[in-house]
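Just so you know, all these numbers are worked out from the coordinates, no wet-lab data involved. Predicted model only: the values in this text are computed from it and were never measured. Neighbour counts are summed over all protein chains in view; Cβ atoms, including those assigned to glycine, are modelled from backbone coordinates with ideal geometry.
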Amino acid sequence: MTESSSTSTPSGSAPDSSATRRLELRVPEMDCPSCAGKVTNSVETLQGIDGIDPRVTSGQLIVDYDPTVTEPEEIRERVRAAGYTIEDEDAELALSVPEMDCPSCAGKVENALEDVDGVDRIETRPASGRVTVTVDEGTGPDEIVEAVEGAGYDATPLSDGTDPLSEERAVWRSRRAVGTGIAAVLVAAGMALEFVLPGLDPAVGTVAGRTYELSHLLFILAAAVGGAPILRNGYYSARNRSLDIDFLMSVGIVASVAAHHPFEGAMLAVLFSIAELLEQFSMDRARDSLRELMDLSPDVATVKTGDGEETIPADDLAVGDVVVVRPGEKIPADGVVREGESAVDQSPITGESVPEDKSTGDEVYAGTIAESGYLEVEVERAAADSTLSRIVRMVEDAEREKTEREQFVDRFASVYTPIVVVLALAVAALPPLLVGASWNTWFLRGLTLLVIACPCAFVISTPVSVVSGVTSAARNGVLIKGGRHLEAVDESDVLAVDKTGTLTEGDLSVTDVIPLEGADEADVLRRASAAERRSEHPIAQSIVGYAEERGIDPDDPDVAEFEALTGKGVRAEIDGETLYVGKPDLFEGLADLEHVHATTDGGVDLASEGYDSDSQCDRPGCLDVLTDLVPELESEGKTVVIVGTEDGPVGVIAVADRVRPEAEWAVSRLQEQGVRVVMLTGDNEGTARAIAEQVGIDEYHAELLPDEKLEWIDRLEGESEGTDANGSADGGGVAMVGDGINDAPALATASVGIAMGAAGTDTALETADVALMSDDLTRLPYLYELSGKANGVIRQNIWASLAVKAVLAAGAPFGIVTVIHAVVIGDMGMSLGVTSNAMRLAGVEPETPTGLEDGDDAR
């Protein structure tokens, strides 16, 4: 559950003088429209409720309320009174911890928070510098902040308006960078005295029988200056029982100085501090991609008022405000154009490079750019709820769910570090104790192993790759909701695609109307549109729209007993007569379609229209709908709809959908990538075959009801187990791409659900694992390419880190590897290496097929 403030007011209501509050509750049993209705009706009985948004797909209830009238507990009571349980009623607190930029830091914070009473769940996200904590009702943010600060890190609740990504840290001008620079100068001076000018290196004193020269004092001073932040963090690590890099390095520095090896201690402090600064710099580079997304939205907006115009912060915009957007300016909020026309660059949201013309009534999104004209936009969503804001939140949340590889790495690291620490102690102590070997020699070798014990580069190898890949995808109009889904796309060797709205544009239009048995074209359309008017199916809407375009009015018929026959059509009583509109299969056993007569008197001449038929009687226009009309129409890629009663058909309507111009190219590219593309559609066999041949799909399954699509996905899952898209034996799975609404059950069943055209569509953004923000099939090959490269980068990072650590660990006991090698190569080098390797994912760009670069007319 979360609760936040908002200054927005529902459309149509007057703004309240006090801030509206938002309460988000998890109600998992609210999983159908009926459930949502009961909960809504119960909550609406309270005073001060400004808005209710029940989301059955995610089991979430969002309530906007006036805190001066209604308390949150009253809302919860009304939900319970409706018969539903609120899951996890604890509060969720989000903190900005910008200095928490590595797994070691995250471990200290987690250990500190585990000791706080009332903390139930902790999520640390080093890549974004954020901590999310679920706490009991009696635990406040002050206690959480105090615990994080007790671990050695500054923390600020995000509700205070602070964000860890809002400002880029000046890494090389920080206090730590200055201290490291001073320490490096001291080390250089000490090395010059000891190794280059030993005659100028006088002895300055003796302590505990050991002589200290000037160079030794310089090394000790360097260890103190450069190692101060390390020792501080090591103290907090010890306090929080965290066996991390800071603790291990602190032990190494102190032990080196105490054992009269100040040069090694100073080098350890300086090199590790440089490594930490470089790691901060690299993490800032990873965070830059998230900052770029956040910076897409403008800071201010120009609002129309009764007195003219006023410039206000974009975050203060309320629903219902009208904002003015001039050429070259960014649109500050999601809304609808009320006046003006302009080409709008929507690439920040959809990834489309071609601007889209917008005029009155069109929807626009925050962060998009008006290129050529003046617009007045009515705000429909507050800044925090805009499509862009939700994309940023989902990209940030992608780090929350650990991938299988990341979980493996964490398990491995939890075993690896203690083992190597014990080995380091054994190397340092056993040879001198057992065989009288040199303490100095074996101490340094044990110290080297102690440095190697930290698995920092190994641990960050996966999350930094996930953040880089997910953010790169978001910039190109593909929203991936977690590293697990980023990995799973490449591992899915089968892509099931829906036809309508996916391979085709989903903009159906009537192409043929063939009246039968004395009816005329207008009569067929009048009856069909009257029955289909209550249906939400795209075919139904195309018939109603076509009738309206022809000026055919149903004359307000008496429509009763309407019923949607899933996967077949509709049935309704029109003026007391039962009418059926749907697929030919709907009339099986109901009416005779094999011997009918086309209306020829003032109607349609079948021969002139290109339809051949063998006359079965003496009457003109005699035909068999199932053998003469349906195959001919379906071979042209058209969907056939029969209109009739129990006495027989009165007409045939053909509806066609245009194939997307990039569909054939996208299917070809996917097949080249080793993906088996399968079309699953509820449309007829002939239309499915025609579309499949047109786009190059070899395997299709037609006339599927919704539950049969689920069965086919399960069957394809079983067939694909054991191989991935590249044919290797460690993959298997089925990805499904559809419109995100009609195909929601199939998307949820597939290994990866991919929703098309998700911009502005709440259901698609909530339910899909991956959302293509535009209706652009070129993003599918890009998604597979990005996923494949991301998996490759993750594997490279993991195995390179392991290999380097193994080589260094093997060489340390023999003196081949020194402390300097361990820090420069094993820690600093590998951390930089895995981060830089992950950043390569930002260079993966979608490919646009020839002929579509300039947005050809087909689009």
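A few points about this structure:
- Taking amide hydrogens as placed 1.01 Å from N in the peptide plane, the amide H of residue 562 sits under 5 Å from those of 573, each at least 5 positions away in sequence or on another chain.
- Ordering 712, 439 from the fewest to the most neighbouring beta carbons within 10 Å gives 439, 712.
- Ranking of 664, 549 by neighbouring Cβ atoms within 10 Å, starting from the fewest: 549, 664.
- Note on residue 517 and residue 312: their simple-model spin labels are 6.3 nm apart, each label 7 Å out from Cα toward Cβ.
- Each pair of Cα atoms in region 419-515 enters the Kirkwood radius, and Stokes-Einstein at 20 °C and 1.002 mPa s then converts it into a translational diffusion coefficient of 110 µm²/s.
- Residue separation of residue 231 and residue 404 scaled by 0.36 nm, minus their Cα-Cα distance, works out to 58.9 nm of gained length.
- For region 522-532, the Karplus equation 6.51 cos²θ - 1.76 cosθ + 1.60, evaluated at θ = phi - 60°, returns couplings of 5, 5, 4, 5, 4, 5, 5, 5, 5, 6, 7 Hz by residue, with Gly and Pro reported as x.
- Once Rg and the Kirkwood radius are both taken over the C-alpha atoms of region 472-574, their ratio Rg/Rh works out to 1.19.
- Taking amide H positions as modeled 1.01 Å from N, with prolines and chain starts lacking one, the residues under 5 Å from residue 516 and 5 or more places away or on another chain are 599, 651, 652.
- Distance from the alpha carbon centroid of region 786-832 to that of region 463-488 works out to 25 angstrom.
- Counting 0.36 nm for each residue step from residue 338 to residue 507 and taking away their Cα separation leaves a gain of 58.4 nm.
- Fewest-first ranking of 216, 597, using other Cβ atoms within 10 Å as the exposure measure: 597, 216
- Region 300-385: relative contact order in percent, alpha carbon pairs under 8 Å with at least 6 residues between: 37 percent
- Sequentially through region 780-786, phi angles give Karplus couplings (6.51, -1.76, 1.60; θ = phi - 60°) of 5, x, 4, 4, 5, 5, 4 Hz, Gly and Pro residues having no value and appearing as x.
- Residue 326-residue 578 pseudo-label distance in nm [points 7 Å out on the Cα-to-Cβ vector]: 6.6 nm
- Part-to-part distance (alpha-carbon centres) for region 624-699 and region 217-244, which is given in Å: 70 Å
- From phi via Karplus (6.51, -1.76, 1.60), per-residue ³J(HN,Hα) for region 70-77 in Hz, x at Gly/Pro: 10, 9, x, 5, 5, 5, 4, 5
- Amide N of region 369-383 lying under 17 Å from the label point, which is placed 7 angstrom from the Cα of residue 357 along Cα→Cβ: 370-375
- The label-point distance for residue 305 and residue 207, in a model that sets each label 7 Å from Cα toward Cβ, rounds to 6.8 nm.
- For the pair residue 558 and residue 372, the difference between a 0.36 nm per residue extended length and the Cα-Cα distance amounts to 62.1 nm.
- Entries of 499/568; 330/358; 358/481; 499/583 with Cα pairs more than 20 Å apart: 358/481
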